[in-house]
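Q: Let me begin by handing over the structure; questions about it come next.
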Amino acid sequence: MTRGRVLSVASECVPLIKTGGLADVAGALPAAMAAEGWDMRVLLPGYRGLSARLVAPVVIWQDPDLFGGAARVLGGAVDGLRVLLLDAPHLFDRPGGPYSADGKDHPDNPERFAALCWAAAALARGGGSDGWRPDILHAHDWQGGLAPAYLRYGEPAPVRSVMTIHNVAFQGIAPAAARAALRLPAAAFTSEGVEYYGNISTLKAGLVCADRITTVSPTYAEELMRPEFGLGLEGVLAARAADLSGILNGVDMAVWSPETDPEIVPYSARDLTGKAVNRARLIAEFGLGEVPGPLAIVVSRLTGQKGIDILDRALGGFVAAGGGLALLGSGDPALEAAMRAAAARWPGRVAVRIGYDEALSHRMFAGGDAVLVPSRFEPCGLTQMYGLRYGTIPLVAATGGLNDSVVGATPASLAARAATGVTFHPVDEIALAGALRRLVALHADRKAWKAIIGRAMKVDVGWGGPAKAYSSLYESLLA
Ligand code: ADP
């Protein structure tokens, strides 16, 4: 018996196509929700080459003219995941990434993702020719935003909708003149509808039309109602505060497990011998010298969001106190240069790898003592959760999902045996430098340090908890 059927509408999904965290969530949720009794399938654009990867594809929906060409939806499976692929060559069979080619956005992005949403709404209304019709449509980010809008402004449908924000910075802006081409009625172009500062925002469309709104952590849900985080949508979100909630993402416990990770010398909370070996190997791999204090790691995009400039300014005191840093990341050239300069300033104590290297990141989580995440904002964040799993103590800004996944060490939380990391606020170099001093002190107290590692490694950061939260949300919609 299934509790209900859910159509997840996303622009990327592991293992088929990924540019960011949305793909991990879209790919992990169906199995996690299946464990809760939900039949969830993912509708994705049929980007070049994807349909060949579907096992046993069947045409379940067709439209001779979907935004300028013939389209069909293929139902099938990939690695056990039930996928519906929108096969519309005029929109998706082209070189480049999902959103851009050669650094330029595809000029017809509004129509491309409108088509995805149109197909989603059609499936929600009438079902596929295989008889599968969802009870709930779950749309992700601006690419899915028009799906709840097509449900609201079109024929009534017996389906409820959820809109999830993974990153509010991308708002799906299209010119007002595109309204008719996007198949939105004139009546939708109001401040209560899809209109956004004179343009159309497909994210806003989803936020005003969906029955419920979620984002990827409870703290970020609250922050989004403030201008510095909502980036223009704070008013829209505040108006829907009663329908807005935050559900933390999980991590793949099979991929991120110090007991079975093939990249490392395995270890567990009970026997940390392997972690010491991984630390020595990491020091050698990065060409560091002796690090008497905590060996910190950073695995991150190097952008303003991630607070790398703040870290650069706070690093001197940490190094002087015996700390070391191994950083892996890429992004903003100025930040890459700043981190290279830090490595040159403190040879043997600070080392930097510019690039993207998943295997190396595993070795870093295994060998580090602490993982630093000084983000200015962080909807959920993953590296602090990998840190918990690997007993690599997270030192994080108390913002967004970082604030919801790490219990900062204070005299009270240490006495209560609850602390799992170090937190700081506000997000500036003074507070970060203070947090680094507290990290050094904690690390020097061998008994307290061992205890905090034990607690961190016990934190459940898997998908079980989040799946239960989505399950209650869906139940409340169907009640
Ligand atoms: P965001 O999605 O904002 O970049 P998250 O912490 O949610 O931040 O997710 C980032 C993911 O990308 C994590 O899985 C992290 O380990 C990984 N990652 C980031 N930079 C690198 C890198 N240079 N090499 C390997 N993995 C990286």
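The values are calculated or read from the model by the stated rules, or taken from the named source; none is laboratory data. Nothing here was measured: the structure is a model prediction, and the numbers come from that model. Cβ: placed from backbone, ideal geometry, glycine included. Neighbour counts: every protein chain shown. These area figures cover heavy atoms from the full protein model, side chains too; ligands, DNA and RNA do not enter into them. Shrake-Rupley method; radii C 1.70, N 1.55, O 1.52, S 1.80 Å.
Q: Scan (1) in contact with a strand residue (DSSP E or B) (Cβ under 8 Å, 6 or more places away or on another chain); (2) buried (at least 24 other Cβ atoms within 10 Å of the Cβ) for the single condition T399 breaks and write down its number.
A: Going through the list (1) in contact with a strand residue (DSSP E or B) (Cβ under 8 Å, 6 or more places away or on another chain); (2) buried (at least 24 other Cβ atoms within 10 Å of the Cβ), T399 breaks only (1).
Q: When residues of the range 43-89 are filtered for being closer than 24 Å to A178 by Cβ, among the small types (G, A, S) and surrounded by fewer than 19 Cβ atoms within 10 Å (Cβ to Cβ), how many remain?
A: 3
Q: While we're looking at this one, here's another question. With the structure loaded, tell me whether G20 is surrounded by 21 or more Cβ atoms within 10 Å (Cβ to Cβ) and either within 16 Å of the ligand (Cβ to nearest atom) or assigned by TED's automatic domain parsing to the domain that holds T215 (or both) or whether it fails that test. Before you say what the answer is, go through the steps one by one.
A: Numbers: surrounded by 21 or more Cβ atoms within 10 Å (Cβ to Cβ): no; either within 16 Å of the ligand (Cβ to nearest atom) or assigned by TED's automatic domain parsing to the domain that holds T215 (or both): yes.
No.
Q: Could you say whether any residue in the range 179-191 is crowded, with 23+ Cβ neighbours inside 10 Å, in a strand (DSSP E or B) and either among the hydroxyl-bearing types (S, T, Y) or at pLDDT 95 or above (or both)?
A: no
Q: Here is a list: V255, V265, V291, V277. Which entry is at pLDDT below 95, outside the structural domain of Y470 (by TED's automatic domain parsing) and on the phi < 0 side of the Ramachandran plot?
A: V255
Q: Right, something else. Within the range 398-420, identify whether any single residue is more than 16 Å from the ligand (Cβ to nearest atom) and either at positive phi or under 16 Å from the mean Cα position of the chain (by Cα) (or both), and answer yes or no.
A: Yes, that holds for at least one residue.
Q: Here's another thing I want to ask about it. So in the range 272-296, with the set limited to residues that are β-branched (V, I, T) and touching a helix residue (DSSP H, G or I) at 6+ places or on another chain (Cβ under 9 Å), which one is farthest from V352 (Cα to Cα)? Spell out the reasoning first.
A: Just the residues of the range 272-296 that are β-branched (V, I, T), to begin with: 273, 277, 283, 291.
From the residues that got through so far, the ones that are touching a helix residue (DSSP H, G or I) at 6+ places or on another chain (Cβ under 9 Å) too are 277, 283, 291.
Details: V277: 21, I283: 12, V291: 15 Å.
Only one residue tops the list, namely V277.
Q: I need every pair where a residue in the range 50-68 that is in the same structural domain as R125 (by TED's automatic domain parsing) has its Cβ under 6 Å from the Cβ of a residue that is of a type in the set (D, E), sequence separation at least 6 or different chains.
A: From the range 50-68, the pairs are S51/D87; I60/D130; F67/E111.
Q: Identify the residue in the range 155-178 that is touching a Ser or Thr at 6+ places or on another chain (Cβ under 9 Å) and not in a loop (DSSP other than H, G, I, E, B) and, among all such residues, is most open to solvent (accessible area, probe 1.4 Å).
A: Per the stated criteria, the residue is I173.
Q: Given the structure, is W118 open to solvent by 30 Å² or more (accessible area, probe 1.4 Å), within 22 Å of the chain's Cα centre (by Cα) and in contact (Cβ under 8 Å) with a residue 40 or more places away in the chain?
A: Working: open to solvent by 30 Å² or more (accessible area, probe 1.4 Å): yes; within 22 Å of the chain's Cα centre (by Cα): no; in contact (Cβ under 8 Å) with a residue 40 or more places away in the chain: yes.
Considered against the rule, which asks whether it is open to solvent by 30 Å² or more (accessible area, probe 1.4 Å), within 22 Å of the chain's Cα centre (by Cα) and in contact (Cβ under 8 Å) with a residue 40 or more places away in the chain, W118 comes out as no.
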